[in-house]
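K.L.:
Take a look at this one; I'll ask things after.
What follows draws every value from the coordinates through simple rules; no lab data is involved. The structure presented is a predicted model; accordingly, all values stated were derived computationally and were not measured. All Cβ positions, glycine included, derive from the backbone under ideal geometry; neighbour counts span all protein chains shown.
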Amino acid sequence: MAHKIDFKYSFHHVGIPIQNIRPNERYSESFRMYTSDNNGKFRFQFHRFEENSPLHPVIKNNPHVALKVENLMSAIQGQDVILGPYEPISGYKVAIINDGGMPVELIETNLTDDELWADSKKHDDLNLNTDWLNLK
């Protein structure tokens, strides 16, 4: 089956599920997971999930690529959305789709990478309001 690409996708980061504790982890009580960043030039995030994390198994068990799109709602139309859409940080909208068994994070933002990554580090506690999310 051929896939038609109707959008411009720009690389944002790679997320990798891990089991080991890393320095400077940030905790999300809602997602029951820890997040940390690499210290290198390229954007990698590491996610460590508690056993009772409500996130979809596709998210918890597979690495993901995160791609920026101009219009998130259009980009997820007709897709198998397994998280979101939601806005964890003001000006940063995200949804995760299941693309043939692999998670793909789609992001709509007007924040620069420096603004976004600096802002995410300010949040020691990532307790997001997720009451309205579809946590499958």
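K.L.:
What is the calculated FRET efficiency for ASN110 to PHE44, with r their C-beta to C-beta distance and R₀ = 25 Å, to the nearest 0.05?
P.N.:
Once rounded, the FRET efficiency stands at 0.60.
K.L.:
Now for a different question. I want to check the label-to-label distance for ARG26 and ASP6. Put each point 7 Å from Cα in the C-beta direction and report it in nm to one decimal.
P.N.:
Rounded to a tenth, the inter-label distance reads 3.3 nm.
K.L.:
Restricting to DSSP loop positions (anything but H, G, I, E, B) with no more than 10 other Cβ atoms inside 10 Å of their own Cβ, which GluC sites (Glu not before Pro) remain in the stretch 10-118?
P.N.:
The qualifying sites are GLU51.
K.L.:
Write down, largest first, the equivalent ellipsoid semi-axes of the stretch 10-121 in whole Å, where each equals the square root of 5 times an eigenvalue of the alpha-carbon gyration tensor.
P.N.:
Working from the Cα gyration tensor, I get semi-axes of 20, 18, 13 Å.
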